[in-house]
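The next block holds one structure in the form of structure tokens; read it before the comments.
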Amino acid sequence: MRFWKRNLALLAALVMGLAGAAWAWRVTEQERQVQREIAGQVIRFHVLANSDRRADQEIKNQVKERLLYSMEELLAYTDDLEETRACLTSALPQLQEEAQETVREAGSGDIVTVELTTAEFPVKTYGDYTFPAGTYETLQVEIGNGLGHNWWCLIYPSLCFEDALHPVMTEKGGKKLKNVLSDEAYDSILQKGDISIGFLWF
């Protein structure tokens, strides 16, 4: 009798474990689908410093400010994701030149690359909005080795330009997201929280 009770207990534990694993997988897959939906509607801006030396971090900030200023003018009349992507793509040579010029003027010989690509990002919160970790389209600026602490925000919908140090989603940007996302995806990123400054620490 003890043998059967022990084996039934083990069997029950196994079934519960498998059910839990299946549920965890399903939740994870749902989260992945939501992340992919969100990622399909945003473009990020990512500036990677050459290193963590103070001079390299200062150059990173100078490049970031220079390009934000240019993009604010370039994207002033873009209304949707496709227009934003097309504008950024056509402006890549200009942004590359401006970034490289800024680095040279700072006294550095580091090479800068500017490209519209995809990159992995961790979870990040902007005011009331938390974006899940995953792969996102990004305008990526890599200075030199690109090994230092880096900075990022969202180009579309824009939350870079009004306050570059503490970016917060504007009401207009929030409405854009709500219009293009499913209720589930929008509700998943909308939450009350503290502002998280746009730095990546890896």
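The values are calculated or read from the model by the stated rules, or taken from the named source; none is laboratory data. Keep in mind that what you see is a predicted model, and the values were worked out from it rather than measured. Here the Cβ positions follow ideal geometry from the backbone for every residue, glycine too, while neighbour counts run over all protein chains shown. Please note that ligands, DNA and RNA were not included when accessible areas were found on the heavy atoms of the full protein model with its side chains. Shrake-Rupley method; radii C 1.70, N 1.55, O 1.52, S 1.80 Å.
Points to keep in mind about this one:
- Test: Ala106 is of a type in the set (Gly, Ala, Ser) and either under 20 Å from Gln35 (Cα atoms) or touching a strand residue (DSSP E or B) at 6+ places or on another chain (Cβ under 9 Å) (or both): no
- Residue in segment 87-104 that is at pLDDT 95 or above, of a type outside the set (Val, Ile, Thr), at positive phi and out of contact with any helix residue (DSSP H, G or I) (no Cβ under 7 Å at 6 or more places or on another chain) present: no
- In the set (1) without any contact (Cβ under 8 Å) to a residue 60 or more places away in the chain; (2) out of contact with any helix residue (DSSP H, G or I) (no Cβ under 6 Å at 6 or more places or on another chain); (3) acidic (Asp, Glu), Glu137 fails one condition alone, (1).
- Applying a threshold of 9 Å to beta carbon distances and a minimum spacing of six or more residues, or different chains, the list of pairs starting in segment 38-53 at a residue that is under 13 Å from Gly134 (Cα atoms) and ending at one that is assigned to a loop (DSSP other than H, G, I, E, B) and among the aliphatic types (A, V, I, L, M) reads Ile38/Leu181.
- Matching strands (runs of 3 or more DSSP E) fully within segment 40-146 where at least 3 residues are touching a Ser or Thr at 6+ places or on another chain (Cβ under 7 Å) and either open to solvent by 10 Å² or more (accessible area, probe 1.4 Å) or basic (Lys, Arg) (or both): 112-121, 134-143
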